[in-house]
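See structure below.
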Amino acid sequence: MSIGGTGTNITEVTEIEVDGVSYCYVEGYLPPQAKWMLRLPITTWTQRYLQAGCGGLCGPTMAALSVVAAEGSDQYENGHFALRTTDMNGGTDGTFALDKEAFIDYAYLAVHNMAELSKALIKKYYGQEQQYAYFNGCSDGGREAVMTAMRYPNDFSDAVSNLDENEEPIFNPSRIPILHDAVITACDALDGVEDGLLTNPRICNFDPRTLQCADDVDNSTCLTAAETQVAVDFYTGPVDEASGEHLTVGEMKFGSETAWIGVGIPATDGGSVASESLALSALRYLIFKNSPGANYMLADFVFANSTIDLLRPHHPFLDAVSPDLSPFHEAGGKLILWHGWADQHISPHTTIQYHEKLIDNMGTDAVEDFNRTYILPGVWHCGDGEGMASLDLLIPMLDWVESGLAPHEIMTSTEVVGSASASSNTVYRTRPAYPYPSVAKYTGSGDVNDAVNWEEGDALYSNLTAYWHGVDFFDVFNPTMDP
């Protein structure tokens, strides 16, 4: 096939069964070496195409034929979609970025080429084109969703999109409950109900220094001075020492402490931090115009305005935050953004500021016509956490695109985990979620774990995202084609 250039090929075609549904499974490569996988329902297709994004730096280990935020979706589970994904020509060590073509694939092109290829295969297999095309992704898959809306507004009808001197860990996971419990005790009731969750962590003003042990004695009820400083730094975020300007759009939020384990702090006491390798891959090969290479270490990274400025050359190539989606809107596209308040990898302020900038640039009416944004209390990166992370945004999107029924209240839930007396899918907590900045508000009576006792409430916090040194990254820009 000619799509993607010379070298596009199919390497496997076989019939498979997934959850009782029969598919024609097709696998192959787009040049230079982007692997892709496509599932074509044999008898259950409803003229819908669904493209799934990949996570992290993608690559073969991060690409899977599965979607997020589609729990309980009959249309998905019953095989109504032709489903595809690609590894974006990426890889966890980041060295793919040394190859210009592979870097372009990862940045944006593989998503577009895969959409073109899949649509061609769909037409050939079914004898007709798809009627609707959807995209679903989280983490880098979320970036891919907005990127394709920016660069190729006609590819999809919709998109659903969710970092000591001796190198010994200071804050270990066994100590996290001290901090987390103190935060919940101090701030849980501020949203009107004590349920173990912070509806909007921005109204919490907890000071972790109140937990510091007297005389710096290490015990089970307080934190050492060093541990306290780690907590302060996490909640504050990196700051340029000379100007006092913040260097990121957002910091770790109150209530997210249990999510730090394995990301900001080790997964086991005295262990290593798993996110270090991903950070190093990006720093060594992806985000700087002049890549420093394999000898670059985290200790070489300087938290300063000058370092943030070094990100600017690759910003219009890699980033998907230009707030002008007018072509996507004019093409009839719909976009649902969602993020967890307790996300340990990507600050929810990233999604919030993008939402704010969309409104600034396009106007409230236009944004409400094609976008909904949901920020979920207690939910970690792409799901899990103390919050209600099970939700279905796929059916609301279908209703919006195909029937004109814009989503508003969506239902979220949490299942019992590790309970010997309950099945693995026993729901014990349900709650509605509403478009940002509205929140779910407890009615004041009844079981707090039952959605029937919650209603839509006004925003708990009305200030716009605070200034930071890279705020202009969210200004309108023209995406570049080459790194």
Check: Which whole-Hz ³J(HN,Hα) couplings does region 449-461 yield from phi under the Karplus relation 6.51 cos²θ - 1.76 cosθ + 1.60, θ = phi - 60°, glycine and proline marked x?
Finding: 8, 10, 4, 5, 9, 10, 9, 6, x, 5, 4, 8, 8
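Dividing the Cα convex hull volume of the chain by residue count, how many Å³ per residue is that?
Values: hull volume 77.8 nm³, N = 483.
Value for the chain: 161 Å³ per residue.
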Notebook entry, point to check: With all pairs of different alpha carbon atoms counted, what Kirkwood hydrodynamic radius in Å does region 1-108 show?
Noted result: 14.7 Å
Next item on the list: Excluding residues fewer than 8 places away in the same chain, name every one of the lysines whose C-alpha is closer than 25 Å to that of Lys357.
Entry: Lys253, Lys334
Item checked: For q = 0.17 Å⁻¹, Debye-computed log10 I/I(0) when each Cα of region 300-371 counts as one equal scatterer -> -0.80
Next item on the list: Return the sequence-ordered ³J(HN,Hα) values of region 223-233 in whole Hz as given by the Karplus equation 6.51 cos²θ - 1.76 cosθ + 1.60 applied to θ = phi - 60°, using x for Gly and Pro.
Entry: 10, 6, 4, 5, 5, 4, 5, 4, 4, 4, 5
Item checked: Cysteines not pairable in the chain (beta carbon separation under 4.7 Å absent) -> Cys24
Check: Among residues other than Pro437 whose Cβ falls under 14 Å from its Cβ, what is the net charge (Lys/Arg +1, Asp/Glu -1)?
Finding: -2
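Which whole number in µm²/s is D for region 173-311 by Stokes-Einstein, with the Kirkwood Rh taken over Cα pairs at 4 °C and 1.567 mPa s? All intermediate terms of the calculation are to be shown ahead of the outcome.
Values: Rh = 17.0 Å.
This corresponds to a translational diffusion coefficient of 76 µm²/s.
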Notebook entry, point to check: Which percent of Cα pairs goes in each bin when the distances of region 81-206 are cut into 5 angstrom slices starting at zero?
Noted result: 2, 9, 13, 12, 10, 9, 9, 11, 12, 8, 4, 2, 0
Next item on the list: May I have the extent of the alpha carbons of region 368-483 along their three principal axes, as whole Å values ordered from largest to smallest?
Entry: 55, 36, 33
Notebook entry, point to check: What do you get for Rg/Rh of region 47-133 when both radii come from the Cα atoms and Rh is the Kirkwood radius?
Noted result: 1.03
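Throughout, read-outs are computed from the coordinates displayed, never taken from laboratory work. This one's a predicted model, so the numbers in the text were calculated from it and none came from an experiment. Counting neighbours? That spans all protein chains shown, and the Cβs are built from the backbone with ideal geometry, glycine included.
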